[in-house]
Amino acid sequence: MLDAYIYETQQLLEALENTLLAGESGHRLDADQINEIFRVVHTIKGASAMMEFEELATLSHKLEDMFALIRDGKDPGAAWPALFDTMFAAVSFYNAEMAKLLDKQPPNGDSLPLRERIEELVRLISGDNGEAGPQPDEKSAPEGEAESAAPEAVAGEGKEKAEEPETEDAYYKAVVFFEKESQMENLRAFGIVQELEKMDVRFAFKPADLNAKDAAEEIAQNGFVLYVRTGGSIDEIKSVLDETLFVRSVELTPLSEDCGEIPDELRAKDEAPAAAAPAAAGAGEAAAQEDSGGNGNGGESAPQPSGAADGNGATAGQQASGAAGGNGSAAQSGGMASFETIAKQNFISVSVNKLDSLLNIVGEIVTAQSMVINNADFGDRPHESFDMAAQQLHSLINELQDIVMSIRMIPMSTLFQKMRRLVRDMSRRFGKQIQLEIIGEETEVDKNVIDYLSDPLLHIIRNSVDHGIEKPEVRRALGKPETGKIVLEAKMTGSDVVVTISDDGAGLNKEKILQKARDKGLLTKPESEMTDREIYNLIFLPGFSTKDEVTEYSGRGVGMDVVRKNIAYIGGAVTVDSAPGKGTTHTIRIPLTLTIVDGMKFNVGKMNFIVPTVNVLSAIKPSPDDVFRDPEGNEMMMILGKVYPLIRLSEFFNIHDAVTEIADGMVMHLSSDERDFCIFFDQLDGEYQVVVKKLPGYLEKCSSSLKGIGGCAILGDGSINLIVDVNGLAAEC
Amino acid sequence: MDEILEKGPGEDIREYLIFTVDSIEFGIDISLVQEIIEYQEASSIPNMLDFCSGIINIRGTIVPVIDMRRKLGFEPRVYDDRACIIVIKLQSELVGMIVDGVQDVARIAPEQLSDSPAARTKGEIKPFTSKIANINGKIKQIISVEAVFDVELEGEC
């Protein structure tokens, strides 16, 4: 339950943030966006109240009030920037509370400062338009006022059903008492209202305003009084009441039609049903005018019909005071509707752990399948029908594998959108003008990749904003446009996803980097031999930070190190390139699928390796004449007239039982991002499709270096094969 | 020690898996032990350090294996059928330790345990044996998993 709440709220917050960001770029929100925000806030409010997170519910309530005002035509005008700031602050507040909940801590944040800001805004917004000026404190006035506006208990209506002949309808009065310890009686009552709304009945209830402060108390004392008008059997309603949690007793009495106790609205509801919804919604407007929308009821009208309500406000006017409470429930059904739309999309959320184990099992199935199909027991006997069955199995398993992989793929957009917020907040803080351009956010990658990519992206973008892009006046002086630009791009290239983050800022300072590296003793080779690129990439070394002072956002010198580690963890690599004065580009390269690769198997001594087929250019039986060493001892090989570095894996990996004579072994010509090179090994052993497993972390402690190894795989015969990380190996030659 | 003695018998008794390396009895906190499997030859890894035997495949999970003889400083030998691999869980990963044999599970009360004298004298360097159990005159050395496997665990075991 809590999980679902957190998940849903987070989704809503994300949507909210995106809407806000979209709105802010236009410096205002359009009608659709306002409705969207209203809906989201309302849903959060309902859900939070259900979960009894008072602070969150109250805050949402305030926000909702504010947006009700705006939606009803009050233009914040000059207050827009403050409004955006407040909304972003609110989103952050919610997110922090969700994080607490995820951490199994109570959401104990204090929303009072935020609420005060909102009240201030509401004052501004309603004041700006010079509308019949509601007093500031009226807005925070107790919701109990609703009752003075709508003295009699009020109606929620079954909108669809009006054609029922009225004469046959029977009236009932039900008084529901809740268990003493149930608490939040008004919410329990709200639950009943929601249930009844799903049914084909008309009803009214007392107290009319379940959001009112004293509603809970009143229900506790006098019971929750329901007036029901139904053409059908009362039993259904009785069972709803009986099944409600914490209900202690239900007194159900039939009322005669002319009984004075029956609320007028219940009787009057025989008017054209079409009027019902706009009436309720219009009531929101009417009520808003009456009490400036400051209380729960007045402010809440169902979002959907609001367009109609705008026009119909006047016609609905005479019903307004009576329907104000009903309007509350209509709005609540609006909240319900948005829950339902989410449900209707037919998405379910699944724990990633389950997906992980599913993927693991599929991996095992692939392995087991090859064990069965290549089983030695078959020998050389022909087995045609088996082959056919095996072929079918094979294609089914392939399909299964594809599906499982696709389940785990999610678009980059969620991740990229998070960066929008970061850039926005930071550029304000540092007084810079920055535009973030996002390209290719629809690119899909494995869920794990997204998780590990999040922190690196944050760090890199922070750096770009903080260290990269200059202040507007500096940029002007340099003849650059005042608004800096950061481009975040994702694209697919063959087996990899490449994410680039480029800015048009100052670029990296080569001298400063060198100086820093020298000071910290991070240089491993003579400066004169280092290329620009190598110098720039020093920033990824642990403990490196060129910024002298530490800021809130970056500069602790752990950032880029973490970036590299995180990316390496998912088998990726990060590089940086820069042009002084023109900007910096970070390139992150990550394998698209973390899990299944086509590979060529070979061995060096007793050790078995798999090299991804995509990296293999050719495999050759070498002639000793083509292999030579330069005076420094670097071994090279000539292939078709071109010379490539040659790595003897037995030396590189320190394997003693391997072939040493060039003529006895084999050479594979590999291509990596950086360069083409050759490796020397013992023997080629066929092509396999393997499931990549991560190397156990503890292995770091068992080996002096695991460079050049990207993972491992278990083959059908149970043997363990190490997967060659071609890019890692290329860096060593 | 006083504090420990105040507790009644039965409290704080912990179970240890007793295994032998070069006929010396060692114990390890049984709550760390996942399973015990037959000895099997491990596949080597690149640039393998000498106390490591390589990696093995336990039902699809890759598990690094440590040769306890080498790790604890005994003469290496070729293992036979009596040798076992004790699989333990370290920081949510499995690690195997090859031992000469597994004996039994001993219930050891705190009063039967004493700190290794080496732990006091050596200061910074953690000795592999952290505690010594005296069970009816028989000595069992309780290994410090943190020291042997060079890891930091939450809560000392």
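Computed quantities for the displayed model
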| quantity | calculated |
| --- | --- |
| Verdict on A:Thr43 being assigned to a helix (DSSP H, G or I), of a type in the set (S, T, N, Q) and without any contact (Cβ under 8 Å) to a residue 60 or more places away in the chain | no |
| Single unsatisfied condition, A:Glu732 versus (1) touching a helix residue (DSSP H, G or I) at 6+ places or on another chain (Cβ under 9 Å); (2) within 10 Å of chain B (Cβ to nearest Cβ); (3) surrounded by fewer than 17 Cβ atoms within 10 Å (Cβ to Cβ) | (2) |
| Check on B:Ile85, within 14 Å of another protein chain (Cβ to nearest Cβ), under 13 Å from the mean Cα position of the chain (by Cα) and at pLDDT 90 or above | no |
| Members of the range B:44-62 found to be part of a strand (DSSP E or B), facing chain A (nearest Cβ under 7 Å) and under 15 Å from A:Lys694 (Cα atoms), listed by number | B:Ile55, B:Asn57, B:Ile62 |
| Considering residues of the range A:445-477 that are more than 26 Å from A:Ile407 (Cα to Cα) and free of Cβ contacts under 8 Å to residues at least 24 places away in the same chain only, the residue surrounded by the most Cβ atoms within 10 Å (Cβ to Cβ) | A:Arg475 |
| Candidate set from the range A:584-638 (those that are in contact with a Ser or Thr (Cβ under 6 Å, 6 or more places away or on another chain) and farther than 27 Å from A:Leu359 by Cα); member that is surrounded by the fewest Cβ atoms within 10 Å (Cβ to Cβ) | A:Leu617 |
| Answer from A:Val498, A:Val487 - the residue that is under 30 Å from A:Asn353 (Cα atoms) and among the aliphatic types (A, V, I, L, M) | A:Val498 |
| Entirely in the range A:426-498, the strands (runs of 3 or more DSSP E) that have 3 or more residues that are of a type outside the set (D, E, K, R) | A:434-439, A:484-493 |
| Filter result for A:Asp72 (farther than 24 Å from A:Asp425 by Cα and under 22 Å from the mean Cα position of the chain (by Cα)) | no |
| First in the range A:206-221 and among the polar types (S, T, N, Q), second anywhere and assigned to a helix (DSSP H, G or I), Cβ under 8 Å, 6 or more apart | A:Asn211/A:His61; A:Asn211/A:Ala146; A:Asn211/A:Asn186; A:Asn211/A:Gly296; A:Asn211/A:Asn297; A:Asn211/A:Gly328 |
| Boolean, A:Leu538 is under 30 Å from A:Asn615 (Cβ atoms) and surrounded by 15 or more Cβ atoms within 10 Å (Cβ to Cβ) | yes |
| Of the criteria (1) touching a helix residue (DSSP H, G or I) at 6+ places or on another chain (Cβ under 6 Å); (2) touching a residue at least 60 places away in the same chain (Cβ under 8 Å), which one A:Ile410 fails | (2) |
| Some residue of the range A:89-102 being surrounded by 21 or more Cβ atoms within 10 Å (Cβ to Cβ) and either more than 30 Å from A:Phe347 (Cβ to Cβ) or in contact with a Pro (Cβ under 7 Å, 6 or more places away or on another chain) (or both) | yes |
| Counted residues, the range B:75-98 - those being under 9 Å from B:Tyr39 (Cβ atoms) and crowded, with 17+ Cβ neighbours inside 10 Å | 5 |
| Matching residues in the range A:692-710 - criterion: being within 9 Å of chain B (Cβ to nearest Cβ) and either in contact with a Lys or Arg (Cβ under 6 Å, 6 or more places away or on another chain) or part of a strand (DSSP E or B) (or both) | A:Lys693, A:Ser703, A:Ile709 |
| Any hit, the range A:663-673, residues being over 36 Å from the mean Cα position of the chain (by Cα), outside any strand (DSSP E or B) and without any contact (Cβ under 8 Å) to a residue 40 or more places away in the chain | yes |
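Every residue, every condition in (1) of a type outside the set (D, E, K, R); (2) closer than 20 Å to A:Gly572 by Cβ, yes or no:
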{"residue": "A:Arg420", "(1), (2)": "no, no"}
{"residue": "A:Lys432", "(1), (2)": "no, no"}
{"residue": "A:Leu436", "(1), (2)": "yes, no"}
{"residue": "A:Asn448", "(1), (2)": "yes, yes"}
{"residue": "A:Asp455", "(1), (2)": "no, yes"}
{"residue": "A:Asp466", "(1), (2)": "no, no"}
{"residue": "A:Val487", "(1), (2)": "yes, yes"}
{"residue": "A:Gly505", "(1), (2)": "yes, no"}
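Residue-wise test of (1) at pLDDT below 90; (2) within 14 Å of chain A (Cβ to nearest Cβ).
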site	(1), (2)
B:Glu11	yes, no
B:Glu15	no, no
B:Ile28	no, no
B:Ala42	no, yes
B:Ile66	no, yes
B:Asp81	yes, no
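The values are calculated or read from the model by the stated rules, or taken from the named source; none is laboratory data. It should be emphasised that the depicted structure is a prediction, and the values quoted were computed from it without experimental measurement. Methodologically, a virtual Cβ is constructed for each residue, glycine included, from the backbone with ideal geometry; neighbour enumeration extends over all protein chains shown.
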